[in-house]
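Trainee: Structure provided below as structure tokens; questions to follow.
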Amino acid sequence: MLSRCVSVCMATYNGELFLSEQIDSILAELSDQDELVVVDDGSTDSTINLLSSYATKDARVKLTRNTRNMGVIKTFELALSKAQNEIIFLADQDDVWLSGRVSACLDIFDKYPQVSAVLVNAEILAFDQRTGVSFYTAGSEPKLSIISQLYKNEFIGCCMCFRKSILKVALPFASGISMHDWWLGCCALLAGNVYFLNDNKIHYRRHSSNASPSSRRDLYTVFKSRMKDIACFVELLVRRFGQGFKRVK
């Protein structure tokens, strides 16, 4: 059986509005041996004071502050580099974790040693209002294959958790990736099987300040992004096979 200690990695930036609710929901899911690794990307509101208060009161909260604004991808990269435990969860600053988020995923890792990552579903919140709509709707479950991932990102970071062994090839992130969850999804698919738990374990909040855009991009922008991602995937293949990265057993 694997060690059931987890690291939750969160990137924050001017998140004072919803941050307390999210941190409280995460800490309620963690044991005394777990950690919440937070990297703040130079917030100018009260976010850093709020985080400092949590870190002072709770030893599980490990806080780092960027000396300059680095953006969400580099900030998550730094947070992942500081994770200490065997199973890593990603968390946004404005969602809400539901009861059983952690234990349900750990049970899957225990039951299926070949699983490298677990992807859960999430109910969408419109600011504070529940919608009853899941992120992955019936008939549009994620297609968890490399081919599909190169065409469209099937992973949403806040719904992901994975074995730390993935970071052997994931870090450092390749330069030019479209988003950290796309990159980590590719790494997980190369490392082993990805398990989709079609159960809402998060309230995924949509509002005007989300880091991930909810509107469609124009075709030219999408094409350029895909070309960059394909180049990054080639680099990932070189890392994966060049250093003998072993599949999860």
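Trainee: In the stretch 134-153, what residues are assigned to a loop (DSSP other than H, G, I, E, B) and in contact with a helix residue (DSSP H, G or I) (Cβ under 6 Å, 6 or more places away or on another chain)?
Mentor: The one that is assigned to a loop (DSSP other than H, G, I, E, B) and in contact with a helix residue (DSSP H, G or I) (Cβ under 6 Å, 6 or more places away or on another chain): Asn153.
Trainee: Next up: Name the pairs whose Cβ atoms lie under 6 Å apart, with the first residue in the stretch 146-170 and hydroxyl-bearing (Ser, Thr, Tyr), the second crowded, with 16+ Cβ neighbours inside 10 Å and not in a helix (DSSP H, G or I), and 6 or more positions between them or separate chains?
Mentor: Ser148/Glu154
Trainee: Among the listed residues Thr56, Thr75, Thr67, Thr131, which satisfies the condition of being of a type in the set (Ser, Thr, Tyr) and part of a loop (DSSP other than H, G, I, E, B)?
Mentor: Working: Thr56 fails: part of a loop (DSSP other than H, G, I, E, B); Thr75 fails: part of a loop (DSSP other than H, G, I, E, B); Thr131 fails: part of a loop (DSSP other than H, G, I, E, B).
Being of a type in the set (Ser, Thr, Tyr) and part of a loop (DSSP other than H, G, I, E, B) holds for just one of Thr56, Thr75, Thr67, Thr131, which is Thr67.
Trainee: Would the stretch 197-205 turn up any residue that is at pLDDT 95 or above and in a helix (DSSP H, G or I)?
Mentor: No - not one qualifying residue is present in the stretch 197-205.
Trainee: Of the residues that sit in the stretch 22-64 and are in contact with a strand residue (DSSP E or B) (Cβ under 6 Å, 6 or more places away or on another chain) and hydroxyl-bearing (Ser, Thr, Tyr), which one is farthest from Ile88 (Cα to Cα)?
Mentor: Residue satisfying both the conditions and the ranking: Thr47.
Trainee: Out of curiosity, is Asp45 open to solvent by 20 Å² or more (accessible area, probe 1.4 Å), in contact with an Asp or Glu (Cβ under 6 Å, 6 or more places away or on another chain) and not in a strand (DSSP E or B)?
Mentor: yes
Trainee: Pairs needed: first member in the stretch 53-78, among the hydrophobic types (A, V, I, L, M, F, W, C); second member anywhere, assigned to a strand (DSSP E or B); C-beta distance under 6 Å; at least 6 residues apart or different chains.
Mentor: Hits for this filter: Ala55/Val61; Ala55/Leu63; Val61/Leu36; Leu63/Val38; Val72/Ala11; Phe76/Ala11; Leu78/Val39.
Trainee: Then there is this: Select from the stretch 85-103 the residues that are part of a loop (DSSP other than H, G, I, E, B) and surrounded by 14 or more Cβ atoms within 10 Å (Cβ to Cβ) and list them in ascending order.
Mentor: The answer is Asn85, Glu86, Asp92, Gln93, Asp94, Asp95, Leu98.
Trainee: Kindly check whether there is at least one residue in the stretch 110-129 that is under 26 Å from Leu144 (Cα atoms), among the β-branched types (Val, Ile, Thr), in contact with a helix residue (DSSP H, G or I) (Cβ under 6 Å, 6 or more places away or on another chain) and open to solvent by 10 Å² or more (accessible area, probe 1.4 Å).
Mentor: no
The values are calculated or read from the model by the stated rules, or taken from the named source; none is laboratory data. Just so it is clear, the model here is predicted, and its values are computed rather than measured. With ideal geometry, Cβ positions are generated from the backbone for all residues, glycine too; neighbour counts draw on all protein chains shown. Keep in mind that these areas ignore ligands, DNA and RNA; they rest on the heavy atoms of the full protein, side chains included. Shrake-Rupley method; radii C 1.70, N 1.55, O 1.52, S 1.80 Å.
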